[in-house]
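Colleague: There's a structure below that I have some questions on.
The values are calculated or read from the model by the stated rules, or taken from the named source; none is laboratory data. Everything quoted here is computed from the prediction, not taken from an experiment. We place every Cβ from the backbone using ideal geometry, glycine too, and count neighbours over all the protein chains shown. These area figures cover heavy atoms from the full protein model, side chains too; ligands, DNA and RNA do not enter into them. Shrake-Rupley method; radii C 1.70, N 1.55, O 1.52, S 1.80 Å.
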Amino acid sequence: MAEQAKMQVSDEVAISIQNMNKWYGTFHVLRDIDLTVQRGERIVICGPSGSGKSTLIRCINALEEHQKGSIEVDGTLLSSDLKNIDKIRSEVGMCFQHFNLFPHLSILENLTLAPIWVRKTPKKEAEELAMHYLEKVKIPDQANKYPGQLSGGQQQRVAIARSLCMQPRIMLFDEPTSALDPEMIKEVLDTMIELAEEGMTMLCDTHEMGFARQVANRVIFMDEGQIVEQNEPEEFFNNPQSPRTQLFLSQILGH
Amino acid sequence: MSDVSANAVGFVRTETVPQSAPPSNAAGPAKWVKDNLFAGVGNSILTILAFIAIYLILAKIMPWILNGVWDAPTLSACREVLDGATGGCFAVISERWNQLLFGFKYPSDLYWRPALAFAMLFLAAAPVLFFDLPRKLLVFTGLYPFIAFWLIWGGPVYYPIMALVGFVVAFKVFERLEKQNFALALGAGVLGAAIVWYLGTMIGPDDAARKAGSLFAAGLEPVPSRDLGGFMLNMMLGVTCVSLSLPLGIALALGRQSSMPFIKYICVIFIEFIRGVPLITLLFVASVMLSYFFPPGTGVDLFIRVVIMITLFSAAYIAEVIRGGLAALPKGQYEAADSLGLNYAQATRLIILPQALKISIPGIVNIAVGLFKDTTLVSVISMFDIVGMIRGPILASTDWNGVYWELFSFAAVLFFVVCYGISQYSQWLERRLATDHR
């Protein structure tokens, strides 16, 4: 399956990051990041906490501002122009570690909100779309409940469906399974694998190395705000080059 | 169940223990009394002391209420009827109820007008307070301020209609231009309304037309602001100021969070200044000094000046309460809204405010109740609200000089009914909005 999926990668560039730098105050969080993502590519970013992997993902849809270098998403250059930012955000879906569903709205309302207000989709059409994606993540029966009534795994699947309702061309995942119980991690990963098989361009910051092996066509290792190593998963896990990567892998795969 | 002996380490459960009812001695009224009233020696003593205290209080108050005199022309007549026995002279309330409710100058044959406006208030407030009702009822809510104004103050029907037209023009202009530029649309809307009102006042019916009885000047008999009074005045001030200060407070709270320093500091300075000044000084400013700020000759009504001051005062407090609600929202909510491509106005209206306001309900209600009771402060700037009526015309009259308890108890009951109603509503609202299932 992984082989078949890898063939879907096209030459078209989805995300192009060049010489990007970011500071928090005087702290240099991201240093000289260069990364090009092909359409259909699935990239897993790993690294110790504080290495800047989450910040990198959040820079791509301008949740965090970068101070130097350029980020281009689907041919749109990310600048301080609000119109460009809104355009990129409506084409890039994002899932958060803590799901960030809207607790005052029902599941269905969570899903239809952005299509109705941003895409100006008629309400009925938006609801059909929402039910379609809820079926896809296998929880259509929860449509009229509120986020607080769902388990963590279900909430994360709703969050994925909420992003998909905007029919994004790229999906960003910021530690999507870190806040979940082991039993629920699988149901979320299954949903993500399904997405990957459909050829969605994905960037995922995660500690799930099994997922990286199975789904990614490229694994990126970050440390101290820099990309230290990137390679195909087989090579990356079996034959890591940098000593920092070797140490990291031995620590997380060692038990 | 499988046999578990002391030295067997392995254990496998083969059947599930079924759910069963709790034992009978764990429930029932006798158990409640024992647990809550007579749980121990100390607890029993406190219970008995509390019962004695309640008895002593009621033993004093009940004869005063039950033995009260409801029909007497003066205080001395009332005391004669009582003939030394304990009892309240509630006759002052049945004698002067109209003054307590409407003030001493409002024409008594026109009492039906404010009474009707009061009854319609419930109809107008219903769709706002109970949002499950059909949204079309909000049309009446929008018309209500103009109807209530016309009913209470009277005068030609022309003026409230012109005021309404001004608002409609402002809204239409704003709606048209909103897509291009929010600030431009707002300015143009305000300008549009100002033009309508200016022209409307210029060509409005003058005294001559009124005397001639032309259809243009048709309307109700006018009642000037200084003739308003009693509890009616408290209700008018309370309802107007609460409904105006809530939107203003939201705007101030959002402004204080703004990334634009100019807007931010205007809001901060305004809030900090108003909160640092006692309401009573603001009311004196309203009654004495505020007219300096209006163009000479316009003579803005004292009622409006007081409304402006109370509204600004409570808006500053409400802004701080809402800021607390905004601060309580996790940053993830802003990020999720952003990541979906919602713009600032959409994110604020659909995601941020509904949650922040829900958190702020107890604080907002606290301020609304406080504001409503603070409307009695207008009695010190010689407006005859219910407290002003009691301390002024009623206690000063020779008939009723000296009836304090009965009058102030009556005022307290009226305020209690309204404030308790607000409190109950807010508790219902919190339950109704509880969707987080914590």
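Colleague: Do we find that A:Leu82 is at the interface with chain B (Cβ under 9 Å from one of its Cβ atoms) and surrounded by fewer than 18 Cβ atoms within 10 Å (Cβ to Cβ) in this structure? Reasoning before the result, please.
Modeller: Values: at the interface with chain B (Cβ under 9 Å from one of its Cβ atoms): yes; surrounded by fewer than 18 Cβ atoms within 10 Å (Cβ to Cβ): yes.
So A:Leu82 passes the test.
Colleague: Next question, about the same structure. Residues to consider are A:Ala179, A:Ala161; find the one that is without any contact (Cβ under 8 Å) to a residue 60 or more places away in the chain, within 14 Å of another protein chain (Cβ to nearest Cβ) and among the aliphatic types (A, V, I, L, M). Don't jump to the end; show me each part of the working.
Modeller: Values: A:Ala179 fails: without any contact (Cβ under 8 Å) to a residue 60 or more places away in the chain.
So the residue among A:Ala179, A:Ala161 that is without any contact (Cβ under 8 Å) to a residue 60 or more places away in the chain, within 14 Å of another protein chain (Cβ to nearest Cβ) and among the aliphatic types (A, V, I, L, M) is A:Ala161.
Colleague: Related question: Which of the residues belonging to the range A:198-215 are touching a Pro at 6+ places or on another chain (Cβ under 6 Å) and assigned to a loop (DSSP other than H, G, I, E, B)?
Modeller: none
Colleague: Turning to a different aspect of this structure: What about A:Arg58, is it of a type outside the set (S, T, N, Q), crowded, with 16+ Cβ neighbours inside 10 Å and more than 14 Å from chain B (Cβ to nearest Cβ)? Even if it seems obvious, please write down each step before you answer.
Modeller: Working: of a type outside the set (S, T, N, Q): yes; crowded, with 16+ Cβ neighbours inside 10 Å: yes; more than 14 Å from chain B (Cβ to nearest Cβ): no.
Against the criterion (of a type outside the set (S, T, N, Q), crowded, with 16+ Cβ neighbours inside 10 Å and more than 14 Å from chain B (Cβ to nearest Cβ)), A:Arg58 does not qualify.
Colleague: Could you tell me whether any residue of the range B:381-393 is assigned to a helix (DSSP H, G or I), of a type in the set (Asp, Glu), open to solvent by less than 20 Å² (accessible area, probe 1.4 Å) and more than 14 Å from chain A (Cβ to nearest Cβ)? Quick ask: steps written out before the conclusion?
Modeller: Here is the first cut: in the range B:381-393, the residues assigned to a helix (DSSP H, G or I) are B:381, B:386-393.
When the remaining residues are screened for being of a type in the set (Asp, Glu), the result is none.
So far as the range B:381-393 goes, no, none of its residues is assigned to a helix (DSSP H, G or I), of a type in the set (Asp, Glu), open to solvent by less than 20 Å² (accessible area, probe 1.4 Å) and more than 14 Å from chain A (Cβ to nearest Cβ).
Colleague: With the requirement that a residue be surrounded by 16 or more Cβ atoms within 10 Å (Cβ to Cβ) and part of a loop (DSSP other than H, G, I, E, B), what does the range A:129-158 give you?
Modeller: Listed by number, the residues that qualify are A:Val137, A:Ile139, A:Ala143, A:Lys145, A:Tyr146, A:Leu150.
Colleague: Can you tell me how many residues within the range B:327-353 are closer than 10 Å to A:Phe102 by Cα, buried (at least 16 other Cβ atoms within 10 Å of the Cβ) and facing another protein chain (nearest Cβ under 7 Å)?
Modeller: Count: 4.
Colleague: Same structure, new question: Just the residues that are touching a residue at least 60 places away in the same chain (Cβ under 8 Å) and either open to solvent by less than 30 Å² (accessible area, probe 1.4 Å) or within 12 Å of chain B (Cβ to nearest Cβ) (or both), please, taken from the range A:164-174.
Modeller: Of all residues in the range A:164-174, those touching a residue at least 60 places away in the same chain (Cβ under 8 Å) come to A:164, A:166, A:168-174.
Of everything in the range A:164-174, those that are touching a residue at least 60 places away in the same chain (Cβ under 8 Å) and either open to solvent by less than 30 Å² (accessible area, probe 1.4 Å) or within 12 Å of chain B (Cβ to nearest Cβ) (or both) turn out to be A:Leu164, A:Met166, A:Pro168, A:Ile170, A:Met171, A:Leu172, A:Phe173, A:Asp174.
Colleague: Oh, and also: Please tell me if A:Asp190 is surrounded by fewer than 19 Cβ atoms within 10 Å (Cβ to Cβ) and over 18 Å from the mean Cα position of the chain (by Cα). Reasoning before the result, please.
Modeller: Details: surrounded by fewer than 19 Cβ atoms within 10 Å (Cβ to Cβ): yes; over 18 Å from the mean Cα position of the chain (by Cα): no.
Answer is no for this residue.
Colleague: Checking B:Trp400 against (1) of a type in the set (A, V, I, L, M, F, W, C); (2) open to solvent by less than 20 Å² (accessible area, probe 1.4 Å); (3) touching a Phe, Trp or Tyr at 6+ places or on another chain (Cβ under 9 Å), which single condition isn't satisfied?
Modeller: So B:Trp400 meets the others, but not (3).
Colleague: Here's a follow-up. Could you give me the residue pairs with C-beta distances under 6 Å whose first residue belongs to the range A:90-105 and is at the interface with chain B (Cβ under 7 Å from one of its Cβ atoms) and touching a residue at least 40 places away in the same chain (Cβ under 8 Å), whose second residue is in a strand (DSSP E or B) and open to solvent by 10 Å² or more (accessible area, probe 1.4 Å) wherever it lies, and which are 6+ apart or on separate chains?
Modeller: Short answer, once both residue conditions are applied: A:Phe96/A:Asp174.
Colleague: Does A:Leu111 fit the bill of being buried (at least 18 other Cβ atoms within 10 Å of the Cβ), among the aliphatic types (A, V, I, L, M) and either within 19 Å of A:Arg169 (Cα to Cα) or more than 12 Å from chain B (Cβ to nearest Cβ) (or both)?
Modeller: Details: buried (at least 18 other Cβ atoms within 10 Å of the Cβ): yes; among the aliphatic types (A, V, I, L, M): yes; either within 19 Å of A:Arg169 (Cα to Cα) or more than 12 Å from chain B (Cβ to nearest Cβ) (or both): yes.
So A:Leu111 passes the test.
Colleague: Additional query: Which condition from (1) surrounded by fewer than 19 Cβ atoms within 10 Å (Cβ to Cβ); (2) within 13 Å of chain B (Cβ to nearest Cβ) is the one that A:Pro122 breaks?
Modeller: Going through (1) surrounded by fewer than 19 Cβ atoms within 10 Å (Cβ to Cβ); (2) within 13 Å of chain B (Cβ to nearest Cβ) one by one, A:Pro122 breaks only (2).
Colleague: Show the residue pairs that are 6+ apart or on different chains and have beta-carbon atoms under 6 Å apart, the first residue being within the range A:23-41 and on the phi < 0 side of the Ramachandran plot, the second being assigned to a strand (DSSP E or B) and open to solvent by 80 Å² or more (accessible area, probe 1.4 Å).
Modeller: A:Asp34/A:Gln18
Colleague: Related question: How about the range B:1-115: which helices (runs of 4 or more DSSP H) wholly inside it have at least 2 residues that are polar (S, T, N, Q)?
Modeller: Numbers: elements: B:29-36, B:41-66, B:75-82, B:91-102.
Counting at least 2 such residues, we get B:41-66, B:91-102.
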